[in-house]
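First comes the structure, then the notes that go with it.
The values are calculated or read from the model by the stated rules, or taken from the named source; none is laboratory data. Everything numeric here is computed off the predicted structure, so don't read it as measured data. In this analysis, Cβ positions are derived from the backbone assuming ideal geometry, glycine residues included, and neighbour counts consider all displayed protein chains.
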Amino acid sequence: MNIIYSRLFEVSILHDYFRDGIAKDIKLVPTQETQDLLRKGRMLWRETPQGIVVLYRAEADLTTPEVSLAPPMDFNFFFKSTNSPQFFTITELTKGSRTYQSGDFIAFKSLPATASTDPSNPEKIGLDIWDGSRPKSFTARVNLNPAPAKALLQIKDAAGVKIPSGLDEAGDALPLDLELTPDDKGEFLLKLDLKGKPEGNYTLVLRNEADTLDLWKKEYFLTQDPEVKSALGILKIAYRSAPAHLYGAREYYAVDLKRKATKWTYIIVSQNNKVDLGSAELSILDKGNPAGSPYATYTFQQQGAAPNADVKINNAETVIFKSQVPIPFFENPKLNLELRRKPGNRVLFGHLPNPTRSGAVKVAPGEEISEIYVFI
């Protein structure tokens with residue numbers, strides 16, 4: 001007896017930091033609930049060089065599933081990195097005006113209405129940023145300033161539909177608009193028990209008593225899977241009853257990650273006072289890039305005096321240069337950045353080092369900065 005599997009969907013993880021455009025060090029791992037769903041539907045998932053593929057066991061016609069599942073359903077995969085310091089350094093994680101912060105949870109959600117069957121034009125799954133992950137049952141305290149006399153707790157599922165936050169002592173569903181009062185510290189105690197609900201993103205809202213204004217709002221991925229602790233986020237491939245395309249033509253999805261750009265700041269350190277920074281007249285000259293490079297030609301401006309009046313490294317004097325525009329991270333290093341001194345236009349460094357790809361990015365008002373230390 002031959003066992004036949006047909007492909008349900010494929011996901012590619014793209015990243016323009018890498019020369020070939022394919023993200024490295026990223027893994028997609030199905031959650032426990034998704035693993036149960038795959039087993040129930042006689043499905044398999046396999047890693048590919050670009051991401052993953054999900055297959056279902058089919059009849060001889062290569063289309064009819066042996067076990068037919070009915071939407072709505074979500075396939076959730078933990079988004080993990082085997083090199084998370086580099087991932088956060090090189091990857092732009094911004095949604096609108098919001099930028100990823102420590103404790104956030106990144107999310108990639110397919111849109112059933114825009115699923116693509118064209119391998120050369122997959123559905124690009126955009127980035128979302130949630131406020132974290134939590135178990136399906138948890139409590140939290142919220143401090144509102146000023147604290148109202150009353151507030152309404154509302155819980156919404158991924159579709160935006162209000163659901164009860166749990167059951168009362170009699171086993172009945174709590175009100176969809178649950179009235180809460182603050183304690184003597186002005187804090188509201190939130191209790192959730194959604195263990196009977198599927199894992200996914202849920203929104204918690206505290207509204208004013210008239211139900212006209214949000215006082216506090218958070219969106220969490222709720223799951224009982226302990227693997228969430230090592231995940232950076234979640235990828236969700238969603239199927240709904242309309243449009244009905246489950247078990248149709250093979251579908252293609254792509255997470256399209258973009259490289260981060262920062263202002264490169266070179267801190268030139270006169271090690272052992274070998275160079276008199278006051279008379280050396282240092283400068284940085286960009287002599288261009290090889291053909292096909294994603295880099296532009298950049299201008300670096302000296303910050304402050306030479307030597308810098310405010311910054312010393314190991315009690316040694318410094319001079320500081322900063323790029324006038326952000327420079328993108330890329331797998332191939334930026335070459336031809338020369339450190340020069342006058343008189344004589346002497347070249348001290350023909351190729352200044354790039355920022356480390358797993359180093360810290362400094363956040364200053366209105367800009368992100370990568371600092372590079374050069375000892376002369």
Scanning the stretch 290-308 for residues that are more than 30 Å from the chain's Cα centre (by Cα) and among the polar types (S, T, N, Q), the one farthest from Ile267 (Cα to Cα) turns out to be Thr299
Within the stretch 222-240, restricting to residues that are closer than 15 Å to Asp74 by Cα and among the β-branched types (Val, Ile, Thr), the one that is surrounded by the most Cβ atoms within 10 Å (Cβ to Cβ) is Ile234
Within the stretch 143-164, the residues that are closer than 28 Å to Leu111 by Cβ and of a type in the set (Gly, Ala, Ser) are Ala158, Ala159, Gly160
Could you tell me whether the stretch 111-129 includes any residue that is charged (D, E, K, R), over 22 Å from Tyr239 (Cα atoms) and part of a strand (DSSP E or B)?
-> no
Yes/no for Glu123 being modelled with pLDDT of 95 or more, assigned by TED's automatic domain parsing to the domain that holds Ser12 and among the acidic types (Asp, Glu): yes
The one condition Leu215 fails out of (1) farther than 28 Å from Gly126 by Cα; (2) out of contact with any helix residue (DSSP H, G or I) (no Cβ under 9 Å at 6 or more places or on another chain); (3) not charged (D, E, K, R) is (1)
Ala151 fails exactly one of (1) small (Gly, Ala, Ser); (2) over 23 Å from Pro198 (Cβ atoms); (3) outside the structural domain of Lys218 (by TED's automatic domain parsing), namely (3)
**Message:** Given the criteria surrounded by fewer than 17 Cβ atoms within 10 Å (Cβ to Cβ) and modelled with pLDDT under 95, does Ala158 qualify?
**Reply:** no
Scanning the stretch 158-203 for residues that are farther than 27 Å from Gly233 by Cβ and acidic (Asp, Glu) gives Asp168, Glu169, Asp172, Asp177, Glu179, Asp183, Asp184, Glu187
Of Leu28, Leu111, Leu55, the only residue that is hydrophobic (A, V, I, L, M, F, W, C), outside the structural domain of Val363 (by TED's automatic domain parsing) and surrounded by fewer than 18 Cβ atoms within 10 Å (Cβ to Cβ) is Leu111
Exactly one of Glu338, Glu331 is within 24 Å of the chain's Cα centre (by Cα), in contact (Cβ under 8 Å) with a residue 40 or more places away in the chain, surrounded by 14 or more Cβ atoms within 10 Å (Cβ to Cβ) and not assigned by TED's automatic domain parsing to the domain that holds Gly21, and that one is Glu331
Here the qualifying pairs (Cβ atoms under 6 Å; residues six or more apart or on different chains; first in the stretch 82-102 and of a type in the set (Ser, Thr, Tyr); second in a strand (DSSP E or B)) come out as Thr91/Leu257; Tyr100/Ile129
The residue from Glu227, Glu219 that alone is in contact (Cβ under 8 Å) with a residue 40 or more places away in the chain, of a type in the set (Asp, Glu) and closer than 18 Å to Glu33 by Cβ is Glu227
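Let's see how each residue does on (1) among the small types (Gly, Ala, Ser); (2) in a strand (DSSP E or B); (3) surrounded by fewer than 20 Cβ atoms within 10 Å (Cβ to Cβ); (4) at positive phi:
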residue: Lys185; (1), (2), (3), (4): no, no, yes, no
residue: Leu189; (1), (2), (3), (4): no, yes, yes, no
residue: Val205; (1), (2), (3), (4): no, yes, yes, no
residue: Glu209; (1), (2), (3), (4): no, no, yes, no
residue: Ala242; (1), (2), (3), (4): yes, no, yes, no
residue: His245; (1), (2), (3), (4): no, no, yes, no
residue: Ala249; (1), (2), (3), (4): yes, no, yes, no
Might you check whether a residue that is small (Gly, Ala, Ser), part of a loop (DSSP other than H, G, I, E, B), closer than 30 Å to Gln101 by Cα and not assigned by TED's automatic domain parsing to the domain that holds Phe188 occurs anywhere in the stretch 276-289? no
Item checked: Meets criteria (among the hydroxyl-bearing types (Ser, Thr, Tyr) and modelled with pLDDT of 95 or more) for Ser283 -> yes
